[in-house]
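Following: one structure in structure tokens, then a few remarks.
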Amino acid sequence: MTLELVTQNKIAGGWHKQYTHVAKTLGGCNMRFAIYLPPQASSSHPVPVVYWLSGLTCTDENFMQKAGALKMAAELGIAIVAPDTSPRGEGVPDDENGSYDFGLGAGFYLNATQAPWNQHYHMYDYIVDELPALIEATFPVSSQRAIAGHSMGGHGALTIAFKNAERYSSVSAFSPICNPMNCPWGQKAFSNYLGNDRTMWEAYDASVLFANAESAVPVLVDQGEADQYLAEQLKPETLEAAAKRGGHTLTLNRHEGYDHSYYFISSFIDEHLRFHAQFFKGL
């Protein structure tokens, strides 16, 4: 598979690079991702990877440029991969009204079953299978993976980790959409991408999956108490209830005064990277 280098910048002794490639799982879209390789990464010393999934309207650049994560990643010897949030390009359908919460920039990390979305919107397969295979075949990284995200990306990280516990050593999220079946963002996305059969939605609802999981990887969630989306869209209490029903451990930290922005993420991203590092072997 051909990769095209778009940008590269040295930071904290390592390299931040953006690449584009043709994604087969997304119907042949030309997709961009970013990777940070810490100074420890080499062919003789492959490093573990944290996959970061961003929220509505975002690209790879939001996290890599705003979160302030790369210095700690360099210190810990962890690579970070940040994909886009949806398929893009000519022929990829978008919300007919150009809304921010559906279509381009809002792929919800699922496999769409409804036309016209099902031709390109298979972000679940892209994140779980195609992108890690590409990363591990191309860069000096190991097969040790963790996954994390924010908002819609937090939803994606949690659901992917709960459905693929054997592929990830840990999962963390900032301000995740915990119960999309029962919030406006999720209901809009799921009804269009998956149809109106709510039993199909359960496969992409973190609270449902967590409650029913036989086992789960370690889970860390941070939530700002001043988040404008907290009550209507995020519903962290549903994830807490799911942990109790499933008999799982959940670390949920609530922070007074913090909102939904990258000011919040940048305040606690070091703790998330340290959390993942403790479950990587050899660090």
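The values are calculated or read from the model by the stated rules, or taken from the named source; none is laboratory data. None of these values were measured; they are calculated from a predicted model. As a convention, Cβ positions derive from the backbone with ideal geometry for all residues, glycine included, and neighbour counts pool all protein chains shown.
For region 258-283, a residue qualifies if it is over 23 Å from Cys58 (Cβ atoms), at pLDDT 95 or above and assigned to a loop (DSSP other than H, G, I, E, B), and the qualifying residues are Gln278, Phe279, Phe280. Residues of region 55-78 include none that is farther than 22 Å from Ser266 by Cβ, surrounded by fewer than 21 Cβ atoms within 10 Å (Cβ to Cβ) and at pLDDT 95 or above.
May I ask you to verify whether Arg254 is part of a helix (DSSP H, G or I), at negative phi and basic (Lys, Arg)? Criteria not met by Arg254.
Note on region 108-129: among residues that are under 18 Å from Glu166 (Cβ atoms) and in contact with a strand residue (DSSP E or B) (Cβ under 7 Å, 6 or more places away or on another chain), the one that is surrounded by the fewest Cβ atoms within 10 Å (Cβ to Cβ) is Asp125.
Restricting region 41-61 to residues that are part of a strand (DSSP E or B) and closer than 10 Å to Gly153 by Cα, the residue that is nearest to the chain's Cα centre (by Cα) is Leu53.
Scanning region 214-246 for residues that are assigned to a loop (DSSP other than H, G, I, E, B), modelled with pLDDT of 95 or more and over 17 Å from the mean Cα position of the chain (by Cα) yields Glu225, Ala226, Asp227, Gln228, Tyr229, Lys235. If you take the residues in region 137-149 that are more than 29 Å from Asp222 (Cα to Cα) and not aliphatic (A, V, I, L, M), which one is surrounded by the fewest Cβ atoms within 10 Å (Cβ to Cβ)? The extreme case among them is Thr138. The lone criterion from (1) without any contact (Cβ under 8 Å) to a residue 12 or more places away in the chain; (2) in contact with a strand residue (DSSP E or B) (Cβ under 9 Å, 6 or more places away or on another chain) left unmet by Phe210 is number (1).
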